[in-house]
Structure formats: structure tokens, C-alpha cells
Amino acid sequence: MAEIRPSDGEPFRAFVCHTINPYGFPAKDRSGRLEVMEKPHLGELMAKIRAPHAERQLSYATPNTEGEIQ
């Protein structure tokens, strides 16, 4: 958790969750479900990480096995 001090507003506290962030804080999100900054509520953060994610169909191209290889 970090205190963020924007140039045009009140400072606020937040979890910084991405490795590349504009604040230079060390962070890592291995779940892939978090935004750069999250609300400072540990219960909501854990619920977001544990929430089921929508399955995405993977699509693969069929290789062209007919014809000459060039």
C-alpha cells in the first residue's frame, strides 16, 4: 500500500499492483486481474484475485501441409 500524492488533488492511499507503474513502486500482479491501482481494502482485493474468470476460447491456425515448402 502506498500514499499517492497527485499534483492536482488530495493525497490518497492505494495498492499499486503493476510492475510498470508511474509511481516507481515495486509491485507484481500474478493473477492478471488487478488494475494499476486498487482501493485499499484487502478483502475486496483478495475477492477480486480469487473470482472466477471468464474462459476464453483459444484459436489456432491450421498449418498448410499441402504443397511445396519454400
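What follows is calculated from the coordinates using simple rules that are stated; it is not laboratory data. A quick note: this is a predicted structure, and the numbers were derived from the prediction, not measured. Because the Cβ atoms are built from the backbone with ideal geometry, glycine has one as well, and the counts that use them run over all protein chains shown.
Under a 5 Å amide H cut-off, with hydrogens placed 1.01 Å from N, Ile4 pairs with Phe12, Arg13, Ala14 among residues at least 5 apart or on other chains. Remark: spin-label model distance His41-Ile20 equals 3.0 nm, labels positioned 7 Å along the Cα→Cβ axis. Counted residue by residue at 0.36 nm each, then reduced by the alpha carbon distance between them, the extension gain from Gln57 to Met1 reaches 16.7 nm.
Eigen-decomposition of the gyration tensor built on the alpha-carbon atoms of the chain gives equivalent ellipsoid semi-axes of 41, 18, 9 angstrom, largest listed first.
Where the only charges are on Cβ atoms (+1 Lys, Arg; -1 Asp, Glu), what is the dipole of the chain about its Cα centre, to the nearest 20 debye?
Numbers: 9 positive and 10 negative charges, 78 e Å.
Charge dipole, the chain, about its Cα centre: 380 debye, nearest 20.
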